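What follows is one structure encoded as structure tokens, with my remarks underneath.
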Amino acid sequence: MFDLFRQVLILATLVLLVVVYFHKSNTRRRSLPPGPKPLPIIGNVLEIPTERSWIKYAEWGRLYGDVIHVKALGQSLIVLNSAKAIFDLLERKGGIYADRPRVVMAGDLVGWNNSPFLGHSGPRHKEYRRLFTEVLSARKVEEWRPLQQAKVIQLAAQLMKSPDAFRAHIKSHVGNLIFEISHGHVVKDDSDALLTVAQQVDHDFAEMVVPGAFLVDVFPVLRHLPSWTGASFIQKAKRYRETLTAALEWPYQQVKDQLAAGTALPSFTTSLIERKENATEEDEFNFKWASLGFVLAGSDTSYGSLTSFVLAMSLHPEVQRKAQAEIDSVVGASRLPTFLDRPDMPYVEGLVREVYRWNPVGPIASPHRLTTEADDVYRDWTIPKGSVVIANSWGVMHNPEVYPDPFEFNPDRYILGKTSDGIRVWSDPLGPDQMVNPDPRKFAFGYGRRICPGQLLADDTVYMGIVTMLALFDIGPLTSGKPPQYTPNVISHPEHFACSMKPRSHQAQDLVMGH
């Protein structure tokens, strides 16, 4: 009996040794994902694009596959060009891919490393998510819909008075709406001081995150240069930091003062302050960043999507006419569309989705970072610990295997409406592994634990702006010549263009002026 036990033990040990050997052998055989060949020391730094990087990444995807490895001065970059790769890593393994890479200029020197956008994964980021979730759930967002409908009528009135300034009106509309929801602050005009400082911070942030814009991001040791050297990035960092501090402190303090005086309107920031009677300094630090993050996160997506919509309608009158016919059949001519009408307008819903997909505001998602604790293994590749991971959302939304004829603006590509037995088809029938014409919102608002917490509110803003403009105006054609390009940075909007925008009828004018 003892001999039999010893033989079994020896056999089990040998099997274990063989398994360990082959595991180590396979690990050694695993290679990095394919990609352009790096140069010694500097790697691929000269090949990494600083403008419209999503297009270059998509080209690399056709050469090397949907997962690409790029090396830049010792740092591994992993570019994901497929829905499957994005969801496998950033969603299914979201816990280890939730970090953000270090950004020296915006993060260390200006202070954005404390923000919900660039802050590292950890307790503070979890607290931000919790604060956002409490007020941006589907039920809570519905409570703001009456305000959304009231504000969009103000936008329509401005468009009727001065249609040539449609971009400025859309920008003001989005800023005013978001500020009232975030801080209970009613913006009187475009010279409003709080709105101005928030827009300046937004502009500064867009400048700071342009890849390669500041040498200190490439060579972090430069951050230790003394101010007397006169380095331009040091002077800019000081100016950026002063504006950021004003944007954090000023609107928040106004809400505190209004609460003390009993004049505060309901808002996100009001709810943060009221939730904790004896807030600590750490609590208030988080509240300030959460409320500023609320303002900035919703503004770019909504403004970019609505201006992109105007451009799309100027270029595709047949789409506009079809959407208007649907609105007229559901709403009629005696009232304006509401949120309750949305389920009954599948073509308009498809149009909204196509606006997100056609030229996305965020062509590449904000970079993620694999935890530094250990390498990851995906398929037969090693993903080095500390890798910066970039999801090429534009690449997915312009992949002809996912979206046939991807450069066509086609709301009919989505399966929306009712089946023959009356059952509404509204969501995607397939999962992220195998999708054809999926809802682009899967790719428009980020991924995993870094997904935009305000996506429901932003989507409401975009929908209400689109359906109201369609109901009231004939948009286009372009009056500025050929179609514009889109700005080449990570936040992408249409460059300058002009188009016609006229009320569809006297009834349309009466509907707006009667409110």
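Yes or no: the range 299-309 includes at least one residue that is in contact with a Lys or Arg (Cβ under 7 Å, 6 or more places away or on another chain) and of a type in the set (F, W, Y).
Our first condition is that a residue be in contact with a Lys or Arg (Cβ under 7 Å, 6 or more places away or on another chain); within the range 299-309, this holds for 303, 307.
Then drop every residue that is not of a type in the set (F, W, Y), which leaves 303.
Taking every residue of the range 299-309 in turn, at least one turns out to be in contact with a Lys or Arg (Cβ under 7 Å, 6 or more places away or on another chain) and of a type in the set (F, W, Y).
Does the range 151-165 hold any residues that are within 21 Å of L336 (Cα to Cα) and either in contact with a Ser or Thr (Cβ under 7 Å, 6 or more places away or on another chain) or in contact (Cβ under 8 Å) with a residue 24 or more places away in the chain (or both), and which are they? Answer for the range 151-165, where residues must be within 21 Å of L336 (Cα to Cα) and either in contact with a Ser or Thr (Cβ under 7 Å, 6 or more places away or on another chain) or in contact (Cβ under 8 Å) with a residue 24 or more places away in the chain (or both): K151, V152, I153, L155, A156, A157, L159, M160, P163. Restricting H183, H173 to those that are under 24 Å from the mean Cα position of the chain (by Cα), surrounded by 21 or more Cβ atoms within 10 Å (Cβ to Cβ) and more than 25 Å from V490 (Cβ to Cβ) reduces the list to H183.
Evaluation of D66 against the conditions (1) surrounded by fewer than 22 Cβ atoms within 10 Å (Cβ to Cβ); (2) farther than 19 Å from L32 by Cα; (3) touching a helix residue (DSSP H, G or I) at 6+ places or on another chain (Cβ under 6 Å) shows that the sole unmet condition is (2). For the range 275-323, filtered to residues that are within 23 Å of K126 (Cα to Cα) and part of a loop (DSSP other than H, G, I, E, B), the residue that is modelled with the highest pLDDT is T280.
For T307, the conditions (1) among the β-branched types (V, I, T); (2) under 30 Å from Q324 (Cβ atoms); (3) free of Cβ contacts under 8 Å to residues at least 40 places away in the same chain are fulfilled apart from (3). Within the range 199-228, residues that are farther than 13 Å from G107 by Cα and modelled with pLDDT of 85 or more sit with their Cβ atoms under 6 Å from residues that are part of a helix (DSSP H, G or I) and of a type in the set (S, T, Y), at 6+ positions apart or across chains, in these pairs: Q200/T243; V201/T243.
Are any of the residues in the range 229-236 among the small types (G, A, S), exposed (fewer than 14 other Cβ atoms within 10 Å of the Cβ), at positive phi and more than 23 Å from the chain's Cα centre (by Cα)? So far as the range 229-236 goes, yes, one or more of its residues are among the small types (G, A, S), exposed (fewer than 14 other Cβ atoms within 10 Å of the Cβ), at positive phi and more than 23 Å from the chain's Cα centre (by Cα). Any residue at all in the range 263-273 that is more than 30 Å from P483 (Cβ to Cβ) and without any contact (Cβ under 8 Å) to a residue 60 or more places away in the chain? Yes, because at least one residue in the range 263-273 is more than 30 Å from P483 (Cβ to Cβ) and without any contact (Cβ under 8 Å) to a residue 60 or more places away in the chain. Residue pairs whose Cβ atoms lie under 6 Å apart, sitting 6 or more positions apart in sequence or on different chains, and linking a residue in the range 326-339 that is within 15 Å of H506 (Cα to Cα) to a partner that is among the acidic types (D, E), do not occur here.
Only one of E274, E318, E349 is more than 26 Å from V402 (Cα to Cα) and charged (D, E, K, R); which? Answer to the check: E274. Does F87 satisfy being under 20 Å from the mean Cα position of the chain (by Cα), closer than 27 Å to G175 by Cα, in contact (Cβ under 8 Å) with a residue 12 or more places away in the chain and crowded, with 17+ Cβ neighbours inside 10 Å? No.
If you scan the range 331-359, which residues turn out to be out of contact with any His (no Cβ under 9 Å at 6 or more places or on another chain), surrounded by 15 or more Cβ atoms within 10 Å (Cβ to Cβ) and aliphatic (A, V, I, L, M)? Hits for the range 331-359 are V331, M345, V348, L351, V352, V355.
With respect to the stated conditions, V152 fails to be among the β-branched types (V, I, T) and modelled with pLDDT under 95.
What helices (runs of 4 or more DSSP H), lying completely within the range 410-515, carry at least 2 residues that are under 23 Å from P163 (Cβ atoms) and at pLDDT 85 or above? Full working, then the answer.
Values: elements: 441-444, 455-472, 506-513.
Answer list for the range 410-515: 455-472, 506-513.
Given the criteria farther than 30 Å from S505 by Cβ, touching a helix residue (DSSP H, G or I) at 6+ places or on another chain (Cβ under 7 Å) and of a type in the set (F, W, Y), does Y378 qualify? Spelling it out, Y378 is indeed farther than 30 Å from S505 by Cβ, touching a helix residue (DSSP H, G or I) at 6+ places or on another chain (Cβ under 7 Å) and of a type in the set (F, W, Y).
Can you name the residue in the range 362-400 that is of a type in the set (V, I, T) and in a loop (DSSP other than H, G, I, E, B) and, of all such residues, is surrounded by the fewest Cβ atoms within 10 Å (Cβ to Cβ)?
Going residue by residue through the range 362-400, those that are of a type in the set (V, I, T) are 364, 371-372, 377, 382-383, 388-390, 396.
Those still in the list that are in a loop (DSSP other than H, G, I, E, B) too: 364, 371-372.
Numbers: I364: 21, T371: 16, T372: 10.
Among those that are of a type in the set (V, I, T) and in a loop (DSSP other than H, G, I, E, B), it is T372.
Can you say whether A260 is farther than 24 Å from K171 by Cβ and either outside any helix (DSSP H, G or I) or of a type in the set (D, E) (or both), as far as the supplied structure shows? For A260, the condition - farther than 24 Å from K171 by Cβ and either outside any helix (DSSP H, G or I) or of a type in the set (D, E) (or both) - is not met.
The values are calculated or read from the model by the stated rules, or taken from the named source; none is laboratory data. None of the values given here were measured: they were computed from a predicted structure. Reconstructed Cβ throughout: ideal geometry from the backbone, glycine too, with neighbour counts over all protein chains shown.
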